[in-house]
Each structure stands twice: as C-alpha cells, then as structure tokens.
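K.L.:
Handing you this structure, nothing more for now.
The values are calculated or read from the model by the stated rules, or taken from the named source; none is laboratory data. Fair warning: this is a prediction, and the values are worked out from it, not measured in the lab. Note that we place each Cβ from the backbone using ideal geometry, even for glycine, and neighbour counts take in every protein chain shown. The area values use the complete protein model at the heavy-atom level, side chains included, leaving out ligands, DNA and RNA. Shrake-Rupley method; radii C 1.70, N 1.55, O 1.52, S 1.80 Å.
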Amino acid sequence: MGQGLLSVWVAVLAGGLVYAMAAARVVKQYERGVVLRLGRLHDAVRPPGFTMIVPGVDRLRKVNMQIVTMPVPAQDGITRDNVTVRVDAVIYFKVVDPASAVIQVEDYRFAVSQMAQTSLRSIIGKSDLDDLLSDREKLNQGLELMIDSPAVGWGVQIDRVEIKDVSLPETMKRSMARQAEADRERRARVINADAELQASKKLAQAAQQMSSQPAALQLRLLQTVVAVAAEKNSTLVLPFPVELLRFLERAQQGQPPQPSADAGQPQGVPGQPVADHRPAAPSGGSPAEADRSAVGASAGPSSVVGPPFGDPVTGRTLTDRPLPDAPLGDPGPEPDGPPEPGPEALSEFGPERPSDRSGSRPFTRH
C-alpha cells in the first residue's frame with residue numbers, strides 16, 4: 001500500500017514537472033510576448049521575464065521591440081526634369097504595439113520594406129535632380145511621412161529615413177563637371193578683377209603720396225633693387241624712373257636747332273630767281289664747260305662725280321643742293337615755241353637763254 005502511494009506521488013511530481021517545463025516561457029528585456037489562447041488574442045501582453053502559458057492551449061509569440069535598420073534596395077527612376085537616376089536608402093523603424101504587429105499584418109518587416117521602395121520611387125518622380133543632390137533633408141522628411149502613414153496601423157513607428165546614394169549616368173556626371181568647372185573659372189575671374197581694382201586704387205593712393213615726397217620714389221626704387229637682388233640669379237633688373245625720361249625730354253626740347261650741313265648753300269626765295277654762282281667760263285669755253293668745272297671742283301677726293309646732267313631749257317648742270325623749304329615761285333610764262341638755236345647754243349643740251357634762266361626753278365639731283 002505504501003509503495004503504491006509512493007509511486008502515485010512520484011508520477012504526479014513527474015507530470016507536474018513536465019507540465020511546468022512545457023508551460024514555462026522566458027521573455028527577454030527587448031521583447032514582448034503576445035499570447036493567443038485557442039486562436040484568440042489574450043488581453044494582456046506578457047512583459048519581459050518569466051511567464052507561464054497553458055500548454056496545448058496558449059501560443060506565445062515574441063515581438064522584438066528594438067529599432068530595426070533595414071536597407072532599401074536601389075530603385076531606378078526618372079526625375080521631374082527627365083534625368084535617369086538610381087537611388088537607394090536606409091530606413092529605421094521599431095514596433096510600438098506588439099499586438100497590432102502580430103494581428104494586423106502578416107509580416108511587418110516585409111510590409112515596411114515594400115512600402116519604403118514604393119515611396120522612394122514616388123519621391124524620385126516628384127523631385128528634381130538638384131533636390132536629390134542638395135536638398136536631401138526635405139526629401140527624407142517627405143519619405144518618412146509617406147512610409148509612416150500606413151505603418152501606424154501595423155503597430156510600427158518609422159524613426160527616420162535617409163537617402164544613402166544617388167547614382168547618375170556618366171554623361172550627366174561629365175556635364176555637371178564641366179558646369180562646375182565653368183562656374184569656378186567665372187568666380188576666379190571675378191575675384192581676379194576685384195583684386196586688380198583694389199590694387200589700382202591702392203597704387204593710385206601710393207602714387208599721390210609719392211608725388212608729394214620725391215624721395216619716396218627713390219626709396220621705393222632701392223627697395224625694388226634689394227628685392228630683385230635677393231634672388232640667386234645672374235640678371236639684375238634696374239627700374240628706370242619715368243621722371244628722368246621726362247627731364248631729358250624737356251631738356252631736349254629747350255636746345256636750339258642744330259645747323260644743317262647745307263646751311264652755307266643758297267636757298268631759293270619764293271617769287272625770286274636764284275642767283276647763279278657758277279664760275280665764269282674760261283675764254284673760248286661755253287657755259288656748259290663752266291658747269292662741269294664747277295661740279296668737278298666741288299667734289300672732294302672721296303666723292304664720285306657722275307656724268308653731268310643739265311636742264312635742256314636753261315643749260316644748267318644739276319647739283320646736289322637740297323630743295324628749298326618754301327614753295328616754289330611762279331616760273332613765269334612759257335615760251336610760245338621752241339627756242340631758236342644761236343651761236344652760243346650747246347650741241348648737247350640745247351640753247352641757253354638768259355630770260356629763261358631768270359624765271360626757271362632750281363632743280364636738284366638726289
């Protein structure tokens with residue numbers, strides 16, 4: 001009798017132990033337990049720690065309450081300004097209502113992922129390329145609102161959404177690089193022009209200050225020489241003052257004009273005949289021979305005298321005298337006909353008439 005009672009107690013203890021092991025559950029700190037009793041949701045959500053359920057009747061589902069980091073696959077889309085881009089993002093969310101996350105949606109992770117991809121495509125189509133590249137904060141907020149609206153009924157709260165990368169075509173990258181380079185060059189030219197303007201103003205002030213103190217220009221010249229001489233080179237650049245050039249120019253303008261080499265020769269006077277200074281012809285000779293003798297006497301030992309050239313009208317030999325500066329006078333009336341040959345006419349150059357000589361103009365041979 002005692003042995004049978006003992007065996008009954010042992011069986012009861014063993015059954016209780018098995019039941020306790022089957023009913024015992026441990027919920028972690030970052031989890032919550034949702035109990036379904038005979039398929040119906042139990043009112044209370046099991047807190048973290050040790051809990052018991054009815055084996056075979058209750059079913060416990062643990063829901064993670066941590067923030068989930070889920071990458072959104074890259075989505076291809078066309079922006080509002082017709083540029084093809086590829087954008088990927090990352091989404092941070094967490095479960096705030098474990099019962100709704102279990103009852104309202106089959107798989108809340110998959111649902112959030114699909115909603116994020118759809119919202120990302122919609123954001124790409126509504127935005128310009130410049131907004132995707134520069135105004136990402138605004139796009140992130142809009143994307144968060146689009147995902148959070150349906151996720152509230154699933155017991156999920158969207159913490160934040162970030163656009164991670166925007167991939168552009170190679171042609172668009174090259175175009176943007178050229179645009180940025182042109183903009184940089186424009187800014188560089190503007191800055192350079194502004195610097196030149198400021199430098200010109202400062203130089204004008206410095207020139208005005210130096211004009212009042214002439215010694216300042218000399219000191220500045222010496223400083224420039226010292227700065228150039230500091231370089232280890234074999235060439236020394238010495239600036240030449242402009243004031244010295246102006247002084248030399250004024251000094252040159254104040255000098256009397258230099259007499260020319262032909263100052264001793266007679267110059268023609270307008271309206272008056274030029275006197276003939278030829279030497280008298282020897283006895284028995286002609287005026288042409290006298291001209292030849294005068295030209296031969298005026299030529300020095302180093303000069304070369306060519307054949308004589310004469311005026312067929314006057315019979316004078318052309319000389320090397322310069323033309324007068326004054327305008328030529330009136331040569332007088334032309335003869336009515338060809339001159340008549342006389343006994344004193346030259347066989348080579350034609351007759352010579354005193355009346356024609358007095359009204360003729362001097363000719364020179366250059």
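K.L.:
Look through the stretch 49-78, keep the residues that are in a loop (DSSP other than H, G, I, E, B) and at pLDDT below 90, and return whichever of them is surrounded by the fewest Cβ atoms within 10 Å (Cβ to Cβ). Spell out the reasoning first.
P.N.:
Filtering the stretch 49-78 for residues in a loop (DSSP other than H, G, I, E, B) gives 53-57, 65-67.
Going one step further and asking which of them are at pLDDT below 90, we end up with 53-57.
Details: I53: 19, V54: 13, P55: 13, G56: 9, V57: 11.
Top of the filtered list is G56.
K.L.:
Okay, next question. Looking at Q179, Q114, Q198, which is the one that is free of Cβ contacts under 8 Å to residues at least 12 places away in the same chain, under 20 Å from V87 (Cβ atoms) and not acidic (D, E)? Write out each step before concluding.
P.N.:
Values: Q179 fails: under 20 Å from V87 (Cβ atoms); Q198 fails: under 20 Å from V87 (Cβ atoms).
Of Q179, Q114, Q198, the one residue that is free of Cβ contacts under 8 Å to residues at least 12 places away in the same chain, under 20 Å from V87 (Cβ atoms) and not acidic (D, E) is Q114.
K.L.:
Here's something else I'd like to know. Can you tell me which of R178, R187 is under 23 Å from L129 (Cα atoms) and open to solvent by 70 Å² or more (accessible area, probe 1.4 Å)?
P.N.:
On the way: R187 fails: under 23 Å from L129 (Cα atoms).
The conditions single out R178.
K.L.:
Now for a separate question. Of the residues S149, S113, only one is outside any strand (DSSP E or B), over 44 Å from the mean Cα position of the chain (by Cα) and either acidic (D, E) or loosely packed, with under 14 Cβ neighbours inside 10 Å (or both); which?
P.N.:
Values: S113 fails: either acidic (D, E) or loosely packed, with under 14 Cβ neighbours inside 10 Å (or both).
Criteria check complete, one pass: S149.
K.L.:
Considering only the stretch 132-145, I want to know if a residue exists there that is of a type in the set (A, V, I, L, M, F, W, C), open to solvent by less than 80 Å² (accessible area, probe 1.4 Å) and in contact with an Asp or Glu (Cβ under 7 Å, 6 or more places away or on another chain). Walk me through it before giving the result.
P.N.:
Initial filter on the stretch 132-145 (of a type in the set (A, V, I, L, M, F, W, C)): 132-133, 139, 143, 145.
From the residues that got through so far, the ones that are open to solvent by less than 80 Å² (accessible area, probe 1.4 Å) too are 132-133, 139, 143.
Among the residues that remain, those that are also in contact with an Asp or Glu (Cβ under 7 Å, 6 or more places away or on another chain) are: 139.
For the stretch 132-145, residues of a type in the set (A, V, I, L, M, F, W, C), open to solvent by less than 80 Å² (accessible area, probe 1.4 Å) and in contact with an Asp or Glu (Cβ under 7 Å, 6 or more places away or on another chain): present.
K.L.:
Within the group D148, D128, which residue is in contact with a Lys or Arg (Cβ under 6 Å, 6 or more places away or on another chain) and of a type outside the set (A, V, I, L, M)? If you could, list the steps in order and put the result at the bottom.
P.N.:
Numbers: D148 fails: in contact with a Lys or Arg (Cβ under 6 Å, 6 or more places away or on another chain).
So the residue among D148, D128 that is in contact with a Lys or Arg (Cβ under 6 Å, 6 or more places away or on another chain) and of a type outside the set (A, V, I, L, M) is D128.
K.L.:
Could you list, in sequence order, the residues of the stretch 6-38 that are hydrophobic (A, V, I, L, M, F, W, C) and open to solvent by 100 Å² or more (accessible area, probe 1.4 Å)? I'd like the intermediate steps shown before the answer.
P.N.:
Start the filter on the stretch 6-38 by keeping residues that are hydrophobic (A, V, I, L, M, F, W, C), which leaves 6, 8-14, 17-18, 20-24, 26-27, 34-36, 38.
The answer is L6, W9, L13, L17, M21, L38.
K.L.:
Moving on. For E106, are the conditions met, namely being in a loop (DSSP other than H, G, I, E, B) and open to solvent by 70 Å² or more (accessible area, probe 1.4 Å)? Full working, then the answer.
P.N.:
On the way: in a loop (DSSP other than H, G, I, E, B): yes; open to solvent by 70 Å² or more (accessible area, probe 1.4 Å): yes.
Considered against the rule, which asks whether it is in a loop (DSSP other than H, G, I, E, B) and open to solvent by 70 Å² or more (accessible area, probe 1.4 Å), E106 comes out as yes.
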